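One structure below.
The values are calculated or read from the model by the stated rules, or taken from the named source; none is laboratory data. Keep in mind that what you see is a predicted model, and the values were worked out from it rather than measured. Note that we place each Cβ from the backbone using ideal geometry, even for glycine, and neighbour counts take in every protein chain shown.
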Amino acid sequence: MTDREGDSDHPFSEGEGFGDDYDEFDLDPPELGVDPAKVDPVDSRVVTDTLDRHSIDSDEVDASELLDVGLNYMQINRYEQATEAFERAARFADDDRLEQEAWTNKGVAHAELEEYDEAIGAYREALSFEEDSEHAATAETNLAYALWEFGETAQALEHAERAVEIDERFAEGWYNRAFFLSERGLAEDALHCIDNAIRLGMRNSRVLEEKAEILEELGEYDEAEEIAEEANEMRERAEQRVMEEREEMTGQQAGGRRPPERDDVEVTDPGRAPEDDDEWQLE
C-alpha cells in the first residue's frame with residue numbers, strides 16, 4: 001500500500017467564490033410587526049391572522065366569498081369553522097358594510113357555541129362603525145342577547161333599547177326588548193313592545209307564547225289562554241310542515257333526484273332559542 005501524498009492536507013476545489021453582492025440565506029421568519037408582550041398566549045389564531053395579512057395580498061381575496069363560506073358553515077351547524085371564515089372576511093373586507101356584516105355574523109356563530117364573551121367582542125367590533133349603518137340595529141339586539149346570557153342584564157336592556165332607536169321597524173329588536181322588560185318585571189312596557197313586534201310582521205309561536213306569559217303577569221288570564229292556544233296550534237302546523245318537507249326530501253333522494261337547494265342567506269339574530277324550525281331568523 002502506498003502512502004498518499006498530502007493525505008492530511010487534502011485540497012478542496014478552488015472556485016471563484018461569491019461576489020460582493022451575494023445575499024446571505026436567511027432562516028429567520030419574516031418581520032411580523034407584532035409585540036410579543038401584547039399577544040395573549042391563549043390566542044391560538046394571532047400568528048395565523050398575522051401571517052395572513054403578511055403573505056396574502058388583500059386584493060387577491062374576495063371577502064364576500066369568505067362571508068358566503070361562513071354562511072354555508074352556519075347552515076350545516078359548523079359554527080367553529082364559521083367563526084374563522086367570518087373573521088377572515090372581516091379582516092380582508094374593503095368596505096365598512098361588509099366588514100360590519102362579517103363581525104355581526106361572527107357574533108351569531110359564537111352565540112350558537114354559547115361563547116358569549118367572544119360573541120360580545122364580535123358585536124362590539126360591528127358597532128365600531130357609524131351608528132346608523134346597515135347592520136347596526138341587528139348588532140345591537142344581538143349584543144343585548146349575548147350580554148343577557150353573560151349575566152349583564154342592565155347592559156342588555158340598554159342595547160335592546162338602542163336597537164329600536166336605530167330602526168323603529170326592526171321587529172326582532174322589539175321582541176327582544178319585550179323579553180328583557182318582562183324578565184325585569186316591567187310587564188306593561190313589555191306588552192307594548194311585543195305588540196309592536198307583531199304589528200311589524202313577527203307573528204309566530206315563540207312571540208305569541210311570550211305575549212301569553214306577559215298577559216298572565218298582568219292578570220289578563222282569559223286573553224293569555226286564547227293567545228297560548230293560538231301559539232300551540234301554530235307550532236303544531238309548523239311541526240307538520242317540517243315533517244312533510246322531510247318526507248318529500250327523502251322521497252326525492254330515494255328516486256335519485258337532488259333535494260332543492262336553499263338560496264344564500266344572511267345570518268342575523270339568533271334571538272332566544274327557537275322552538276320551531278321556522279323561527280330561526282335568516283335574512
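Which residues, taken from segment 72-91, are farther than 19 Å from A139 by Cβ and buried (at least 24 other Cβ atoms within 10 Å of the Cβ)?
If the condition is that a residue be farther than 19 Å from A139 by Cβ and buried (at least 24 other Cβ atoms within 10 Å of the Cβ), then no residue fits.
Which condition number does L98 fail, the rest of (1) in a helix (DSSP H, G or I); (2) modelled with pLDDT of 95 or more; (3) within 27 Å of G70 (Cβ to Cβ) being met?
Checking L98 against (1) in a helix (DSSP H, G or I); (2) modelled with pLDDT of 95 or more; (3) within 27 Å of G70 (Cβ to Cβ), the one that fails is (2).
It is to be established whether one or more residues within segment 234-245 are outside the structural domain of K106 (by the TED database), modelled with pLDDT of 90 or more, surrounded by 11 or more Cβ atoms within 10 Å (Cβ to Cβ) and of a type in the set (S, T, N, Q).
no
Using beta carbons and a limit of 7 Å, which pairs, at least six apart or on different chains, have the first residue in segment 76-95 and of a type in the set (F, W, Y) and the second one loosely packed, with under 15 Cβ neighbours inside 10 Å?
Qualifying pairs under 7 Å: Y79/L113; F92/S58.
Only one of N142, N77 is under 30 Å from A224 (Cα atoms) and out of contact with any Cys (no Cβ under 7 Å at 6 or more places or on another chain); which?
Details: N77 fails: under 30 Å from A224 (Cα atoms).
Matching residue, one of N142, N77: N142.
Hey, among E261, E213, which residue is at pLDDT 95 or above and either in a loop (DSSP other than H, G, I, E, B) or out of contact with any Leu (no Cβ under 7 Å at 6 or more places or on another chain) (or both)?
Values: E261 fails: at pLDDT 95 or above.
Every option except E213 fails the conditions.
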